[in-house]
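Worksheet: one structure, shown below.
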Amino acid sequence: MTTNINAIAEELIHARQTCKSIAPISQRYKGLTIADAYAIQTLIGDQRLAQGGRIVGYKVGLTSKAVQKQLNVNEPDFGLLFADMEIRKDQNLDRDSMIAPKAEGEIGFVFNRDIEEADLTLSELKSAIDYFFPVVEIVDSAIADWKITLIDTVADNASSALYVPGDTFYSPHGVDFTQLELRIQANDIDISGNGAACLGNPLYATLWLVRKMVSLGRPIRKGQVVLSGALAPMVSLQKDQTINFDFKGLETIKIKTV
């Protein structure tokens with residue numbers, strides 16, 4: 001199985017480098033487990049680190065109960081965020097540098113201390129948040145036609161590609177994250193959502209992640225970013241397109257592809 005894990009990692013790396021999708025690994029390598037998928041993710045991440053990459057945080061995926069049911073899982077997954085994945089609001093996205101990108105609006109959190117408690121409470125999580133900000137995550141699957149299972153997306157770094165943070169940082173004090181509203185608009189798109197769509201509350205998704213990382217011996221560190229999951233359905237990105245992600249009461253993030 002170790003040989004398969006190494007081969008799959010190389011296959012996914014090559015897919016990203018060439019912007020050419022591959023058939024689902026879950027169909028071609030029978031018997032892969034979730035642990036195997038995370039081992040593949042780690043191998044790919046280690047290669048990126050060896051090439052000078054720097055981990056700045058993590059993203060939470062599968063925060064929609066409907067998607068969890070579809071993939072027959074009962075908890076989210078996570079992927080790594082590297083420094084070179086962050087894109088400024090004023091930068092255009094090169095559609096041709098990706099395979100099949102989609103975008104989703106989320107809430108990002110940054111922490112004021114290392115979080116090392118395996119039984120961290122929600123109250124402790126709230127007190128550890130330094131600030132939050134609206135963010136658009138660009139997800140992109142190396143798996144052809146997004147025909148993913150949990151194993152496919154986990155191995156592929158939870159299908160994460162880039163993220164575009166807003167310009168303003170906000171205090172979490174007194175904020176009801178379930179009521180944060182998002183509207184996504186373009187010529188043929190008009191979608192709305194709110195914080196309750198993210199596992200009931202973006203804080204719940206974040207609490208799951210920080211506890212998970214402690215259990216893996218990789219606790220969230222002071223200053224690291226957590227992208228907590230989508231507030232609304234993701235939208236596909238086409239070439240020469242502009243999409244507005246309006247986080248009501250916060251700011252609007254405009255995504256432009258070329």
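The rows are residues; the columns are (1) surrounded by 21 or more Cβ atoms within 10 Å (Cβ to Cβ); (2) touching a helix residue (DSSP H, G or I) at 6+ places or on another chain (Cβ under 8 Å); (3) of a type in the set (S, T, Y); (4) touching a residue at least 12 places away in the same chain (Cβ under 8 Å).
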| residue | (1), (2), (3), (4) |
| --- | --- |
| V154 | yes, yes, no, yes |
| S171 | no, no, yes, yes |
| T178 | no, yes, yes, yes |
| L199 | yes, yes, no, yes |
| K256 | no, no, no, yes |
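Only one of the listed residues (S192, S228, S215) is under 22 Å from L81 (Cβ atoms), surrounded by fewer than 20 Cβ atoms within 10 Å (Cβ to Cβ) and among the small types (G, A, S). That residue is S215.
Got at least one residue in the range 164-187 being of a type outside the set (F, W, Y) and under 25 Å from I13 (Cα atoms)? Checking the range 164-187: at least one residue is of a type outside the set (F, W, Y) and under 25 Å from I13 (Cα atoms).
Here are R16, R54, R28: which of them is over 17 Å from the mean Cα position of the chain (by Cα) and among the basic types (K, R)? Checking each option against the conditions leaves just R28. All conditions in (1) at pLDDT below 95; (2) in contact with a helix residue (DSSP H, G or I) (Cβ under 7 Å, 6 or more places away or on another chain) hold for M234, with the sole exception of (2). For the range 118-150, the candidate set comprises residues that are of a type in the set (V, I, T) and surrounded by fewer than 23 Cβ atoms within 10 Å (Cβ to Cβ); within that set, the residue that is farthest from G193 (Cα to Cα) is T121.
Report, by residue number, each residue of the range 29-54 that is among the aliphatic types (A, V, I, L, M) and out of contact with any strand residue (DSSP E or B) (no Cβ under 8 Å at 6 or more places or on another chain). Passing the criteria: L32, I34, A35, A37, A39, I40, L43, I44, A50. Within the range 60-80, one or more residues are in contact (Cβ under 8 Å) with a residue 12 or more places away in the chain, among the β-branched types (V, I, T), crowded, with 17+ Cβ neighbours inside 10 Å and touching a Cys at 6+ places or on another chain (Cβ under 8 Å).
The values are calculated or read from the model by the stated rules, or taken from the named source; none is laboratory data. Small disclaimer: the values here were computed from a predicted structure and weren't measured. Note that each Cβ is placed from the backbone with ideal geometry, even for glycine, and that neighbours are counted across all protein chains shown.
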